[in-house]
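*Asks:* Before we start, here is the structure in question, set down as structure tokens.
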Amino acid sequence: MAVADFFLTAFDPSDLPGSSIDPLGFDRGYMFLADKILPGLTNVANRPRYLGMLCAGIELAEVDDGDPPKKLYNERRETVLRLERLWALANVMAADGSRPASGIRGIRYVSEELNRLQRTGVKNATAGFKLLSRQEPYGVLGIYGTIAEGLRLVVERKTFTLSPDAGYALAAAFIEETEMPLAVKRAVRDDTEVSMSVLAAWGERAHISGSPGKEEARHLAEALHRNPVRSRTARRLLSVPSKEDEPELARIKRVHKSIADDSTDADLKDALEAILSFEECYRVSMLGFERLLWLCRSATNAVLSRDQLLDDKIILKVCQLFPAAAQRLNRVFDKRRTDYLLVEIERIEDTRRFIERAAAACDNPSLLCDGLLARHVDVQHGKFDRGRRKMPWVESGAAGLALTATRTGGLGFEAKLPDEIAPHPYRLASADALIGAGA
């Protein structure tokens, strides 16, 4: 009997589209470093009002704590999904110049539903319309459920159980301070109609762009500071506010500079320094990979000969920059101020080994390109799309390098400098949003 071994790759999640977001396998190392400064947060969950609405939806579900886990999950899930649809509709109806509806997930679906209601002249709305192609993974449950757990608002995702001291308190604050009408509660619980005028009035008080009430703000602030590492980073961000149009890495440099080597936040300084060096290595290696894609796209007969790599100015620039960048990253780990960077270091070790190998190959542009391609093929083969391994974007053959049949991924312009490669985002915007909401 044949036995097949199934495994989860360290690179992309398996359900990402075929184009992928991580062609050289840097994401696991990036997540390791992001968790070092802002654990429990994500980049996409950056509208804190969603957290109060999520907790309120769970609280409104008519269940008993002794119900079977499956019933608790299903009832709370359906209640949250209905509240999300009605809350989103209320937001769009109440939106104006001072209350923009930007940030609402599935706003196009909501706008279409509102247009339908206005076109037909009905006075009542229901939660029976479609929100997003798949509301559960792409709406509040999928996007904010993880962060709610990281903030300890939710203590059990399998049953959507709120924490007694934090989750239930935030739910109560959101319901009371937004003065959620009984008609809205009834529509959420029983899947019935609610007056559009009632919904719009509530939308003004519960708007995504509105300021949370006193208790809602307090509970959001407590959630942010519940984790000591996250709390210390948030205080540093508060002391070094962002400047207009400032790139995130520039702010990270300023925060890093503001921390003394011998301070109680020396561990955070190590983490921030590692982020800066890691991103330098990422952008240099991605510049080399993007150059290969660009040269393959513009090559005669769609095949790039290896001779063309030997004197390409951008490939030579990568060969020049890579060794020093790799040395700086190693130096951060070797000369660390504390041992904080060593905790769960296995999460970044694979990426560090690739960086070291690529840097060591920079004496020969052809060897460097081979290393980049080998890494890309290995990464892509470790990902799956609808049950099939993902194909690499470019492959090497006897005649040279050529794009594969997928022809996916890559920039839409000719990158010539590392600064033209977008760095990873490190959750600062989400932390700033929570800081502002809890102020």
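*Asks:* Carbon and sulfur together cover what percent of the accessible area of the stretch 291-382 at a 1.4 Å probe radius? Please report the intermediate quantities before stating the final value.
*Replies:* Numbers: 2290 of 4600 Å².
C and S fraction of accessible area: 50 percent.
*Asks:* Something else: Gain in length, Ser111 to Asp64, computed as 0.36 nm per residue apart minus the alpha-carbon separation, to one decimal in nm? Show your work: numbers first, answer last.
*Replies:* Numbers: separation 47, 0.36 × 47 = 16.92 nm, distance 3.56 nm.
Extra length available between Ser111 and Asp64 comes to 13.4 nm.
*Asks:* Could you compute Rg(Cα) / (2.2 N^0.38 Å) for the stretch 198-262, with N its residue count? Show your work: numbers first, answer last.
*Replies:* Details: Rg = 16.7 Å, N = 65, 2.2 N^0.38 = 10.7 Å.
That works out to 1.55 for the stretch 198-262.
*Asks:* Let me ask something additional. Tell me the accessible surface of Tyr138 in square angstrom (1.4 angstrom probe, heavy atoms of protein chains only), to the nearest ten.
*Replies:* Tyr138 has an accessible surface of roughly 100 Å² with all protein chains in place.
*Asks:* If Rh is defined by the Kirkwood formula over all Cα pairs and Rg also comes from Cα, what ratio Rg/Rh do you get for the stretch 321-418?
*Replies:* Values: Rg = 16.5 Å, Rh = 15.9 Å.
Ratio of gyration radius to Kirkwood radius for the stretch 321-418: 1.03.
*Asks:* Which of these, Val255, Val63, Val154, has the largest mean-square fluctuation under a Gaussian network model of the chain (Cα springs below 10 Å)?
*Replies:* Val63
*Asks:* Another question about this same structure. If I stretch the segment between Ser231 and Arg297 completely, what's the gain in nm (0.36 nm per residue apart, minus their alpha carbon distance), one decimal? Mind showing how you got there, number by number?
*Replies:* Values: separation 66, 0.36 × 66 = 23.76 nm, distance 4.71 nm.
Between Ser231 and Arg297, full extension yields an extra 19.0 nm.
*Asks:* Taking springs between alpha-carbon atoms closer than 10 angstrom, which of Asn330, Asn301, Asn46 fluctuates most in the Gaussian network model of the chain?
*Replies:* Maximum among the listed residues: Asn301.
*Asks:* Leaving ligands, DNA and RNA out of it, rank Glu395, Glu244 by accessible area with a 1.4 Å probe, largest first.
*Replies:* Values: Glu395 85, Glu244 165 Å².
Highest to lowest solvent-accessible surface, that is Glu244, Glu395.
*Asks:* With the full set of protein chains in place, find how many percent of the accessible area of the stretch 168-283 is carbon and sulfur; take the probe as 1.4 Å. Mind showing how you got there, number by number?
*Replies:* Numbers: 2610 of 5240 Å².
That fraction is 50 percent.
*Asks:* Find, to one decimal place in angstroms, the Kirkwood hydrodynamic radius of the stretch 128-272, where the mean of 1/r is taken over every pair of different Cα atoms and then inverted. Write out the running numbers ahead of the final one.
*Replies:* Values: mean 1/r = 0.0546 Å⁻¹.
This gives a value of 18.3 Å.
*Asks:* Give me the compactness ratio for the chain, meaning the Cα radius of gyration over 2.2 N^0.38 Å. All intermediate terms of the calculation are to be shown ahead of the outcome.
*Replies:* Numbers: Rg = 24.9 Å, N = 439, 2.2 N^0.38 = 22.2 Å.
Rg over 2.2 N^0.38 Å, computed on Cα atoms: 1.12.
*Asks:* Now for a separate question. Need one number: nm distance between label points at Leu182 and Tyr138, each 7 Å from Cα along Cα→Cβ, rounded to one decimal.
*Replies:* Going by the 7 Å Cα→Cβ label model, 3.8 nm.
*Asks:* Do any of Lys36/Lys257; Lys36/Lys335; Lys36/Lys158 go past 20 Å between their Cα atoms, and which?
*Replies:* On the way: Lys36/Lys257 17 Å; Lys36/Lys335 17 Å; Lys36/Lys158 26 Å.
Over 20 Å Cα-Cα: Lys36/Lys158.
*Asks:* Among Gly436, Leu329, Ala359, flag the residue with its Cα farthest along the positive direction of the charge dipole of the stretch 284-439, charges on Cβ as +1 for Lys/Arg and -1 for Asp/Glu.
*Replies:* Gly436
*Asks:* Could I ask something else about it? R0 = 30 Å: FRET efficiency of Thr404 with Lys313, Cβ-based, nearest 0.05?
*Replies:* On the way: r = 26 Å, r/R0 = 0.86.
After rounding, the FRET efficiency stands at 0.70.
*Asks:* What full-extension length gain, to one decimal in nm, is calculated for Gln327 and Glu349 as 0.36 nm per residue of separation minus the Cα-Cα distance?
*Replies:* Details: separation 22, 0.36 × 22 = 7.92 nm, distance 1.48 nm.
That works out to 6.4 nm of additional length.
*Asks:* Taking the chain as a whole, which cysteines find no other cysteine Cβ under 4.7 angstrom from their Cβ?
*Replies:* Among the cysteines of the chain, those whose Cβ sits 4.7 Å or more from every other are Cys55, Cys281, Cys296, Cys369.
*Asks:* Have a look at Glu349, Glu248, Glu290 and tell me which one the Gaussian network model of the chain (Cα, springs below 10 Å) gives the largest fluctuation.
*Replies:* Highest fluctuation among the options: Glu349.
*Asks:* Need one number: nm distance between label points at Arg306 and Arg189, each 7 Å from Cα along Cα→Cβ, rounded to one decimal.
*Replies:* 7.3
*Asks:* To the nearest 20 Debye, how big is the dipole of the chain about its Cα centre, given +1 on the beta carbon of each Lys and Arg and -1 on that of each Asp and Glu? Mind dumping the intermediate values first?
*Replies:* Values: 62 positive and 63 negative charges, 111 e Å.
So the magnitude is around 540 debye.
*Asks:* Ok, one more. I need the calculated FRET efficiency for the pair Ser242 and Asp419, taking r as the beta carbon distance and R₀ as 25 Å, to the nearest 0.05. All intermediate terms of the calculation are to be shown ahead of the outcome.
*Replies:* Working: r = 19 Å, r/R0 = 0.76.
Step by step, r from the Cβ atoms, then E = 0.85.
*Asks:* Could you state the accessible area per residue of the chain in Å², with a 1.4 Å probe and every protein chain left in place?
*Replies:* Values: 20540 Å² over 439 residues.
Computed with neighbouring chains in place, this is 47 Å² per residue.
The values are calculated or read from the model by the stated rules, or taken from the named source; none is laboratory data. These numbers were taken from a predicted model, which means no experiment stands behind them. Here the Cβ is made from the backbone with ideal geometry for all residues, glycine too, and neighbour counts use every protein chain on show. Protein only, heavy atoms only, side chains kept; ligands, DNA and RNA dropped before computing areas. Shrake-Rupley method; radii C 1.70, N 1.55, O 1.52, S 1.80 Å.
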